[in-house]
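Some notes on the structure that comes next.
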Amino acid sequence: MTIAIVNIGQLVTLAGPARPRVGEELRELAIIENAALLVDNGRIVAAGSYSGLHDQIPLHAMVVDAEGRCVTPGFVDAHTHLVFAGNRAAEYEQRIAGATYQEIAAAGGGILRTVGLTRAASEDDLLVAARRHRDWMLRGGTTTIEAKSGYGLDRETELKMLRVIRRLAEEGPARTVATLLAAHTVPPEFAGRREDYVRLVVDELIPEVAAAGLARYCDAFCDDHAFTVAECRVVLESAKRHGLGLRIHAEQFRPGTGAALAAELGAATADHLETVTMDTLAALRDAAVQPVLLPGSVFALSRTQYPAARAMVEAQLGIVLATDFNPGSSPVPSMAMMMSLACLQMRLTPAEALTAATVNPAYSLGLGDSIGTLEPGKHADFLIHECGDYRELAYFAAAPFRPRVFIGGVEVSR
């Protein structure tokens, strides 16, 4: 079917170089006023002014009136923990009363509580819960989701989580990319036997997941209460040997926990980076590692040390914004909320935040040639917003916007 989206007040195409945007490029949105978008068989055919495209609209085309509103690419959320059972609302209350994330984890809460609930849940129950989380994201305009395992920490449950992610990807409508995060924390049954658990991940899980095609990436959590740099190196080197792309949770609470390793191994991303140093930023830039910034976790943990986004822009890094949606440290599924936090707390401009929520995360997932911008040949994943100016997406913080959401040219929001 041919679709013509007309009466677009502001078409934010983000057309530009076929790579992550850096520096001043982050502000170059390639906006077309009074625009139209032509879609055929799920892909964009043309984007331009309505007057220039009017004669190209076939008589049989389905016409969608954008009512003078703003149209952007769909949001790409490149760091989520989408699949889990239960929630940690009780711990949320504990943190408000003064307990730290580390104190809760040391008392058997945190990740390990979710691990217990997720191990006990059936695959179908996890699928139902994950659909609910995905639908929250879809309603807010997220059309592509990276989803991690990591709440199993044993072979059976890690594979179960990855099968749920695969089922979500197969049923759509959101595009879903799977990441193995078995190196999330050491499970209780391996207390005092860390090396044995690392060996299980390296020698059994990674080869099995790679052979079955259950994940595109492998992640590891490098932190004092998770895994050391040396342990993460062993995990990620194994993943690289088995053909998986690399991502890493790095330098969330302390510098020296993983960002340099990401540069050394040529990871696709280094995620968190609240405490990263300038020297390490230079190493990330030279290795073409994209920083994935997660302001939702800083916000939800009531911390004040946000990633140094302005320094990263000045260092010519292809920054990415993501939600880190999870049941503990960031129960925040909204990419628009991440844009607001990035502007208010990390001093990004709305244009930079939008670029970091669309085209740059697409490249971080290896999908930049097919999504992330509104250019001919790409999948027609786009949003018709309730506002007329892209800056309003960040300006109206946490507004209950409900954009019209199109994936592959098909409206999925109505």
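Each DSSP beta bridge with both residues in region 1-132 is either parallel or antiparallel, and the antiparallel ones are about 70%.
With contacts taken as Cα pairs under 8 Å at a separation of at least 6 residues, the chain carries a relative contact order of 21 percent.
Test of understanding: in a Gaussian network model of the chain with alpha carbons linked when under 10 Å, which of Gly366, Gly42, Gly98 would top the mean-square fluctuation ranking? Greatest mean-square fluctuation among the candidates belongs to Gly98. Straight-line reach from Lys240: taking Cα to Cα under 26 Å and skipping same-chain neighbours fewer than 8 places apart, the lysines in range are Lys148, Lys160.
Can you compute the label reach from Ala61? Point 7 Å from Cα along the Cβ direction, backbone N cut-off under 19 Å, restricted to region 368-391. Hits in region 368-391 for Ala61 at 19 Å: 374-385. Which of the following values of Cα extents along the principal axes in Å was calculated from the structure shown: [x] 73, 49, 49; [y] 66, 56, 42; [z] 71, 44, 44? Correct label is [z].
Taking every DSSP helix (H) stretch of at least 4 residues in the chain, weighting each as -39,500 (n - 2.57) and dividing the sum by the residue count yields a mean residue ellipticity at 222 nm of -10000 deg cm²/dmol. Using a probe of 1.4 angstrom and keeping all protein chains present, the accessible surface of region 196-336 works out to 33 square angstrom per residue.
Taking every DSSP beta bridge that has both ends in the chain, the antiparallel portion is near 45%. Peptide packing for 58-64, 378-384, 253-259 was compared via the average number of neighbouring C-beta atoms within 10 Å per residue; ordered from the highest value, the list is 378-384, 253-259, 58-64. Across the accessible surface of the chain, with the other protein chains kept in place and a 1.4 Å probe, carbon and sulfur atoms take up 51 percent.
For region 224-322, what is the convex hull volume of the alpha-carbon atoms per residue, in Å³?
Numbers: hull volume 9.1 nm³, N = 99.
Once divided by residue count, the hull of region 224-322 is 92 Å³.
Solvent exposure of region 7-84 amounts to 43 Å² per residue of accessible area, where only protein heavy atoms count and the probe is 1.4 Å.
Remark: spin-label model distance His242-Ala212 equals 1.1 nm, labels positioned 7 Å along the Cα→Cβ axis. With just the Cα atoms defining each centre, how far is region 359-406 from region 152-197? Give it in Å. Each part's Cα centre sits 28 Å from the other's. Mind checking the angle between helix 155-171 and the chain's longest principal axis? C-alpha axes, 0 to 90 degrees, to the nearest 10. Rounded to the nearest ten degrees, it is 10.
The values are calculated or read from the model by the stated rules, or taken from the named source; none is laboratory data. From a predicted model like this one, the values you see are computed outputs, not experimental measurements. All Cβ positions, glycine included, derive from the backbone under ideal geometry; neighbour counts span all protein chains shown. Side chains are part of the model used for accessible areas, which takes the heavy atoms of the whole protein and leaves out ligands, DNA and RNA. Shrake-Rupley method; radii C 1.70, N 1.55, O 1.52, S 1.80 Å.
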